[in-house]
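Here the structure comes first, spelled out in structure tokens, and everything after it is commentary.
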Amino acid sequence: NAGVTQTPKFRVLKTGQSMTLLCAQDMNHEYMYWYRQDPGMGLRLIHYSVGEGTTAKGEVPDGYNVSRLKKQNFLLGLESAAPSQTSVYFCASSYSGVESQPQHFGDGTRLSIL
Amino acid sequence: GDSVTQMEGPVTLSEEAFLTINCTYTATGYPSLFWYVQYPGEGLQLLLKATKADDKGSNKGFEATYRKETTSFHLEKGSVQVSDSAVYFCALRGYGGATNKLIFGTGTLLAVQP
């Protein structure tokens, strides 16, 4: 009954450090997404993937990279972390891109950049 | 572009009070509409959805009706409980297009007091 699993749950980085956030889903979903959540701004889409081996930019892609080497995993990378990237990051997946399909979310990763 | 506007919070109610959280949207075509709920420290969970005009989504005593004429999808519950305290997000997913991404409102914090 795992659904969407994100690791790690919390992380503190120093400016300039790099890290990778991992998202794994066990629902055989084609589409996967990375969002960031900031106070008063709702969720904003960073990058998304419509299938294994594909990635595309969302609303706020600068400073992030992603990879989808396996269908079940979607990685979000920060090459050189900046304080502006302090946020809560959510991964989501959906069965397809049909508009009626809901997205299923992980529990989030709280990231602080000092 | 597509957008969602929801009432600002926080909304503070006493247990058993009636709840309304307003949500209006702007979109081309025929989007699907969703309400997600986020409990403290958790990810977003789908609460209910509606995929066409006049549809009513319902779950756990919550209801929302897709009103195309007023471009609204207001969330209602007849008698709230302390356990309903959470942040509620209205969202739409557009019809067609390359991303089929979810577009979120900024969220409304609901606090229910015993």
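The values are calculated or read from the model by the stated rules, or taken from the named source; none is laboratory data. Source: prediction; values computed, not measured. FYI the Cβ positions are ideal-geometry reconstructions off the backbone, even for glycines, and counts take in every protein chain you see.
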Is there any pair with a first residue in the range B:8-25 that is within 12 Å of B:E76 (Cβ to Cβ) and a second that is in a strand (DSSP E or B) and among the acidic types (D, E) whose Cβ atoms are under 9 Å apart and which are 6 or more apart or on different chains, and what are they? B:F18/B:E76; B:L19/B:E76; B:T20/B:E76; B:I21/B:E76
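Counting residues that are at the interface with chain B (Cβ under 9 Å from one of its Cβ atoms), which strands (runs of 3 or more DSSP E) fully inside the range A:22-114 reach at least 3?
On the way: elements: A:31-37, A:43-49, A:65-67, A:73-78, A:87-94, A:109-113.
Once the strands (runs of 3 or more DSSP E) in the range A:22-114 are filtered for at least 3 residues that are at the interface with chain B (Cβ under 9 Å from one of its Cβ atoms), what remains is A:31-37, A:43-49, A:87-94.
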Please determine, by comparing only the residues of the range B:59-99 that are among the acidic types (D, E) and out of contact with any Asp or Glu (no Cβ under 6 Å at 6 or more places or on another chain), which one is modelled with the lowest pLDDT. B:E69
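Quick check on my filter: what residues within the range B:36-92 are assigned to a strand (DSSP E or B) and in contact with a Pro (Cβ under 7 Å, 6 or more places away or on another chain)? Reasoning before the result, please.
Kept after step one, since they are assigned to a strand (DSSP E or B), are these residues of the range B:36-92: B:36-38, B:44-50, B:56-59, B:62-65, B:67, B:72, B:75-77, B:86-92.
B:L46, B:K49, B:L92 - these are the residues of the range B:36-92 that are assigned to a strand (DSSP E or B) and in contact with a Pro (Cβ under 7 Å, 6 or more places away or on another chain).
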Here are some residues: A:G40, A:G53, A:G16. Which one is exposed (fewer than 14 other Cβ atoms within 10 Å of the Cβ), of a type outside the set (A, V, I, L, M, F, W, C) and modelled with pLDDT of 95 or more? A:G16
One residue from B:V4, B:V37, B:V11 being over 17 Å from B:F62 (Cα atoms) and of a type in the set (A, V, I, L, M, F, W, C): B:V4
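Could you look through the range B:46-84, keep only residues that are among the polar types (S, T, N, Q) and in contact (Cβ under 8 Å) with a residue 60 or more places away in the chain, and pick out the one that is farthest from the other protein chains (Cβ to nearest Cβ)? Can you show your working first?
Restricting attention to the range B:46-84, the residues satisfying the condition of being among the polar types (S, T, N, Q) are B:51, B:58-59, B:65, B:70-72, B:79, B:81, B:83.
From what is left, the residues that are in contact (Cβ under 8 Å) with a residue 60 or more places away in the chain are B:79, B:81.
Working: B:S79: 26, B:Q81: 23 Å.
Only one residue tops the list, namely B:S79.
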